[in-house]
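One structure is given here, and the rest of the page talks about it.
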Amino acid sequence: MQRFGGLWKSKRTNVIECFDCQRKQEVSGAATSTICPSCSAHIDLSDYKITTSFSRSIRTKGEVHVTTKGDLSSSSVRCQRALIEGRLRGNLDCAGTIVINTSGKILGKLSASEIVVEKRCEVHFFRRVRVNNIEIRGRMSGEVVANGMVTIRKNGVLEGNVTAKAINVEKGGTFSGQVVVGRRALQQTELLPSESPNVSEPPEGSISSLARPLPAT
């Protein structure tokens, strides 16, 4: 593993939130660590580049880059942003954006503010993906729970069940699976993940089960 900088252009200052007490503070974009002024916890700000097999925990307000030869199998990685070009078998919790630019099986549990599945990528998620917004430009299979929007771009494909506030399938995109749309349905799914949505209820949530892929028109 090597520390990595420059994946995203550094800002002069960044606003970060303490992992432990959630106190926000402004820090220099060049800093590699800081101390929380409220609870005195150490906060790592470093960027990490994973180039080989790696299984240790990471907790940073910086960026994590898994290269094409990298293999991240840690049970706990928390970061601000992430770029996945290699293997991801561990769990990843990202406060910002996760960019998926690889093909294959993703065994770990992902949660993020935003996930982008890039063009020419074909990924299968074994665990439920929790996200605010997700944008699919390539091919993805797996279950998605989104607090906001699920967007399937032109030529993008999503196969799997979706629970979201809204879903947008652009012309040329394809969705296949069961979809539950609406704030009330999302809350029910979050509280009762093992139960099927109640199809008799929804003025505020609608349910559609698709036996075949649905292309955008």
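The values are calculated or read from the model by the stated rules, or taken from the named source; none is laboratory data. What you are looking at is a predicted structure, and each value in this text was computed from that prediction instead of being measured. Neighbour counts run over all protein chains shown; Cβ positions are idealised from the backbone, glycine included. When the accessible area is computed, the model is the full protein with side chains, heavy atoms only, and any ligands, DNA or RNA have been set aside. Shrake-Rupley method; radii C 1.70, N 1.55, O 1.52, S 1.80 Å.
Could you tell me the relative contact order of the range 90-154? Use alpha-carbon pairs under 8 Å, at least six residues apart, and round to a whole percent. Let's see the in-between values first.
Numbers: 168 pairs, mean separation 17.5, N = 65.
Once divided by the residue count of the range 90-154, the mean separation gives 27 percent.
Counting only protein heavy atoms and using a 1.4 Å probe, what share of the accessible area of the range 6-75 belongs to carbon plus sulfur, as a whole percent? Walk me through the numbers on the way to the answer.
Numbers: 1730 of 3980 Å².
Accessible surface attributable to carbon and sulfur in the range 6-75 totals 43 percent.
A cut-off under 9 angstrom between Cβ atoms defines the neighbours of G177, and their net charge, with Lys, Arg +1 and Asp, Glu -1, is -2.
Database remark: amide H of R23 closer than 5 angstrom to the amide H of C18 (H placed geometrically; neighbours at sequence offset of 5 or more, or on other chains; Pro and chain starts carry no H). Each other residue within a Cβ distance under 12 Å of R137 adds +1 if Lys or Arg and -1 if Asp or Glu, for a net charge of +1.
Net charge of the neighbourhood of T52, taken over other residues with C-beta under 9 Å away and scored Lys/Arg +1, Asp/Glu -1, is 0.
Surface analysis of the range 40-85 yields an accessible area of 41 Å² per residue, using protein heavy atoms and a 1.4 Å probe.
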